[in-house]
Amino acid sequence: MDDGQVDGGRRGGRPGGGRSRVAVAGASGLIGGALARSLTADGHEVVRLVRHDPAGADEVRWDPERGRVDAAGLEGCDAVVNLAGAGVGDRRWTDAYKTRIRSSRVHGTTALAEAVASMERPPRVFVNGSATGYYGQTGDRPVDESAPAGEGFLPALCVEWEAAAAPAREAGVRTVFTRTGLVVARGGGAWGRLFPLFRAGLGGRLGDGSQYWSFVALHDEVAAIRHLMDRDDLSGPFNLTAPRPVTNREVTLAMGRVLHRPAPFAVPAPVLRAALGEMAGDVLGSARVLPARLLGSGFRFAFPEIDGAIRAAL
């Protein structure tokens, strides 16, 4: 299945269908790119926020680290979706890179929220990315959107990231936070690194494998964002995770089953800590996050189980 396609249900960008204009920050990324392709395939107009001089009417200039955006280019948009930010798992968390992670998200969100609030005709909805890192490490204890923020770098980042959207919310724009889990996709993210290893027969569990991974198929991630865009009665945080989180050991077995490859190896925790530094705490940590509000809104997952999510990414 094409990662960027969304099947079933109402897929319009505004209630009742019709062609919509949607601004997407982070359209060059894994989720933003899939969302842009899905919207375009359904006949909607996608405006991409870019850091270079715009090459056409479908691009708007912005500089997230400096908190700048061409608000005039957002006029006429029915929705603004912010999925931009430096990759959390792209490299070791040095102090400098942690600063970059924070500024790319917090400053960029502030700029977009202020731009949305200043518009003469603001969009119906502002969808702002967030992450299940909000909850920190929960062990085997399940948590939903009612749970408080955890402790550590990622929870503190998510709290500040979501708070940066206040200008839009205070201006009366419906604001949604997508607390996304580990996206199962072959083209990027954590799974983008796992697929080549398992195909080569080098896959295996991380640490003791008991840590929970709250996953979501890329297909369902895009479908959920569009569901939240469409529904004028939905706002606030939503966990974008499949309804049954699985342990890293279960992920390892599922990858082996689907790819028909043995998964004999295990990476000991001390080795991960030496290689990844502070980020190893999140790889070895456990977060059992449930999509209570999303399910309560009537959303139905196409790939609720890990085997199906992996097959969908192939």
Shape category assigned to segment 13-136 from the gyration tensor of Cα positions, a/c cut at 1.5: prolate
Percent of beta bridges antiparallel (DSSP, segment 48-185, rounded to nearest 5): 10
Estimated FRET transfer efficiency when R0 is 30 angstrom, pair residue 166-residue 140 (beta carbons, to 0.05): 0.30
For residue 247, distant residues with modelled amide H under 5 Å away: 213
Of all DSSP beta bridges in the chain, antiparallel share, percent nearest 5: 10
Relative packing of 55-61, 211-217, which averages over residues the other C-beta atoms within 10 Å, highest first: 211-217, 55-61
Nonlocal amide H pairs with residue 63, under 5 Å, H built at 1.01 Å: 68, 69
Hz values of 3J(HN,Hα) by residue in segment 287-302 - Karplus curve (6.51, -1.76, 1.60), Gly and Pro given as x: 9, 9, 9, 10, x, 4, 5, 5, 5, x, 7, x, 5, 10, 6, 6
By average C-beta atoms within 10 angstrom, highest first, the peptides 218-228, 182-192: 218-228, 182-192
Under-5 Å amide H pairs with residue 47, H placed in peptide plane, nonlocal only: 22, 23, 24
Rounded Å value of the spacing that divides the Cα centres of segment 172-189 and segment 14-55: 15
Rg over Rh [alpha-carbon atoms, Kirkwood Rh] for segment 60-106: 1.08
Of all accessible heavy-atom area on the chain, the percent that carbon and sulfur account for (1.4 Å): 52
Sequence of 21, 48, 244 from largest to smallest accessible area, 1.4 Å probe: 244, 48, 21
Using θ = phi - 60° and Karplus 6.51 cos²θ - 1.76 cosθ + 1.60, couplings along segment 193-199 (whole Hz; Gly, Pro as x): 8, 6, 3, x, 5, 5, 4
Taking the C-alpha atoms of segment 97-246, convex hull volume expressed per residue in Å³: 132
Calculated [θ] (222 nm, deg cm²/dmol) that DSSP helices of n ≥ 4 give over the chain, each run adding -39,500 (n - 2.57): -11000 deg cm²/dmol
Table column - 3J(HN,Hα) (Hz), segment 42-59, Karplus curve with 6.51, -1.76, 1.60, x for Gly and Pro: 8, x, 8, 8, 10, 9, 9, 7, 10, 8, 9, 4, x, 8, x, 5, 8, 10
Nearest-ten-degree value, helix 218-230 long axis tilted from longest Cα axis of the chain: 30
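The values are calculated or read from the model by the stated rules, or taken from the named source; none is laboratory data. Model, not experiment: these values are computed from the prediction. All Cβ positions, even for glycine, are placed from backbone atoms using ideal geometry, and neighbour counts span all protein chains on display. Accessible surface areas use protein heavy atoms only, side chains included; no ligands, DNA or RNA. Shrake-Rupley method; radii C 1.70, N 1.55, O 1.52, S 1.80 Å.
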